[in-house]
Structures are given as C-alpha cells and as structure tokens.
1. Just tell me which lysines come within less than 17 Å, Cα to Cα, of K86; anything on the same chain fewer than 8 places away is out.
2. Would you mind computing, in nm to one decimal, how far apart the modelled labels at K43 and N59 are, each placed 7 Å from Cα along Cα→Cβ?
3. What are the ³J(HN,Hα) couplings of region 224-236, residue after residue, when phi is run through the Karplus curve with 6.51, -1.76, 1.60 and θ = phi - 60°? Round to Hz, x for glycine and proline.
4. Could you tell me the ratio Rg/Rh of region 42-357? Both radii from Cα atoms, Rh via Kirkwood.
5. Determine the relative contact order of the chain: mean sequence separation of Cα pairs under 8 Å and six or more apart, normalised by residue count, in whole percent.
6. Along Cα→Cβ, 7 Å out, is where each label goes; now give me the distance between the ones at D239 and R192 in nm to one decimal.
7. Restrict the search to region 215-317; then list the trypsin sites (Lys or Arg not before Pro) that DSSP places in a loop and that have at most 15 other Cβ atoms within 10 Å of their Cβ.
8. Mind listing the long-range amide H neighbours of I222? Cut-off is under 5 Å, sequence gap 5 or more, other chains count too, H placed in the peptide plane at 1.01 Å from N.
Amino acid sequence: MKTRSLMAIFLLTALFASYALCAQETKPWYSGDPTARPDPDPKAKTLPLIRVQDNKFINDKGQAVLFRGLSISDPDKIERQGHWNKNHFEQVKKTGAMIVRIPVHPVAWRERTPEKYVELLREAVDWCTDLGMYVIIDWHSIGNLWMELFQDPMYNTTKTETYEFWRTIARNFAGHNTVAFYELFNEPTIYRGELGSLPWSEWKKMNEHMISLIRAYDRETIPLVAGLDWAYDLSPLRDDPVNAGGIAYVTHPYAFKRGQPWEPRWEENFAFAAASVPVVATEFGLHTDMNAPDYNDYGNRIIKFLEERGISWMCWIYDPHWWPQMLKSWDYELTEGGLFLSRAMKGQLEFQKQTAEK
C-alpha cells in the first residue's frame, strides 16, 4: 500500500512538472504575470551597451558618449491619432536624434492596460534598434509621489502602481541594449505647496526603492533620478546623493525656471553635479518665456552650456500639438524651433562646428 502511494505521488509530480513545462514553452512574451519573463529579443544586443563610468556614459569600447535627442509624445496618443508606425521613427532619425525619450502617462498606461501598452513599447524599441537609436522609457507623472498628489488627473498614480510599472518594464526589457535608460519619475513637484511637502530624504528613499526593485530584474539599464522643483534642482546632491551606483541624474532646465543671468544659476542648481556624476537634461524647449521662443539666445546658450560640461540632452517635444511644438503638422514639417534643434542634434550650430574643429 505504501509503495502504491509513493508511486501515485511520483506520477502526479511528474504530470504537474510536464504541464508546467508545456505552459512555460507556450507562454506569450507578456502574460500579465509579474514573475513572467519574455522570450529574449534576437536584436537585444544590436547596439553597444551603455554604462556609467565616473561622470560619463561610455560604450562597449570605453568611449565617452554625449547623447543628443528628443522626446516623442505618448505612444498611446500617437497610436490613437494614426501615426504609430516605423515611419514616425524614421522621421525622428532624420532630425539627427541619437536617442528617443518615450513618455508613458499613468492614465494611458491604465486605460490601454499594461499588457497592450508594453506591446507599443516593444514596437518602438524594435524600430529604434533597426534605426540605430537608443531609448529612454519615462514614467511621465508630475507631482508629489510621496503624498500621492499630482498636478493633473492624467498624472495620477500611486507608489504601488509606480513600482509595478518599473517591475513590468524591467522584466520586459532586461538585457536589451537599445533601452539605455529608465527615467524613474518625470517631474517631482509640490506645486508651490499645493501638493503638500516632499523632503529630499523621502524622494531619495523612493528612488532607492525603485532602483533596487529594477535591479532585481535588470542590472544593466541605467536609472535616471530627477531633481526636485519639476526635475530642475539637483542641489541636494551636495550633501545627500542617492545611495546607488551606476545611475545618472536628471534636470529640466527650461528658460523660465530661473531669471538671468542663466549660466551661474544653472551651475549652482544642477551643473555642479556633472563634475562627479552623469547628468542628463531630458527635457527643455525653446522659449525664454511662456510665449515666445528665442533660438539664438536661450537655445544656443543652454546647448553650449550643457555640452561644455558633458551633459547629454533631449529636447521637448516632437509633436504638432503638445507645446512647444517641433512639428507643424503630421506631415512632419519642422517648426522654426524644430529646425534649430535638428541642427543642434546634428552638431551644426556654430559653436559645435568650432569645437569639432579643435
């Protein structure tokens, strides 16, 4: 009797093991299961892996890389308006962009569902790989994640949803060299106190949690940590940097963030950090106030300032509707600001030419 029982247990165990193996072999690349991992992408190692070394980004040959690129609009928006295809990214490539920042709004993530949204991101990564452009995936919320108060309903999220987002993203893009950066949270702000308080110590702690969670799945992609004051101010790094290696910090140096003279304020507020850690300006647009652009003044000055300090940059926004627009329409004709930024991405500004000649 005992022998029969043991035999029955053995057969049941073998049956369940066989079932589990079959299920694993037929499981789709994304099942909604937080512990599931997708099948490896055969293009994952097409582009050189980007790593942090001291205050620089380097490629697989140990060469320093200065990224110039742009942000597209939310993939959900682009798809709904009928322009989500490889041609969209081919047009981006024509601007001279080396890297594409992809903003994911929490409301779009929920409404489309994570499973279907990840399909869009995988398409973008596939197209960018073919075109030789790197990718930043950006959790595009604005507000106070610590108190879960946000600037607009489209940015509403929770700490749990944010952690689940990064767990999903890291699980799906681990080992894919094209996805060089994860921008953990777009713009932390308390909106002049209307969104409560957000001590740096708490913001630092949440970012450390996100980084450790991501690295349980993905130890290669570089996390980007935003400064306070709508991702502008990195001054807390002087006394209390994030307790994690292999990361970079984000600033959004819009012209209206500080009055003139800009350069000494930029140096004091964020650029000082670039002497010891990588800093990336993942968002700025061409305007010296809320109404009018001034390409020859602010545009030249901010790009010159960033590049002289080895700070990579991505401009906002490659879209005909979101402000400040780089596109006049979905015919992909660039605005004056878009033309200026395209020249900058191609290294065609006068100071860039002079630097290249030295």
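Readers should treat all values here as calculations from the given coordinates under stated rules, not as data from a laboratory. If you're wondering where the values come from, they're calculated on a predicted model, not measured in any experiment. We place every Cβ from the backbone using ideal geometry, glycine too, and count neighbours over all the protein chains shown.
1. K43, K77, K94
2. 1.8
3. 10, 10, 7, x, 7, 6, 6, 6, 9, 9, 9, 4, x
4. 0.93
5. It comes to 17 percent, rounded to a whole number.
6. 2.7
7. R219
8. Excluding prolines and chain starts, which carry no amide H, the hits are F181, Y182.
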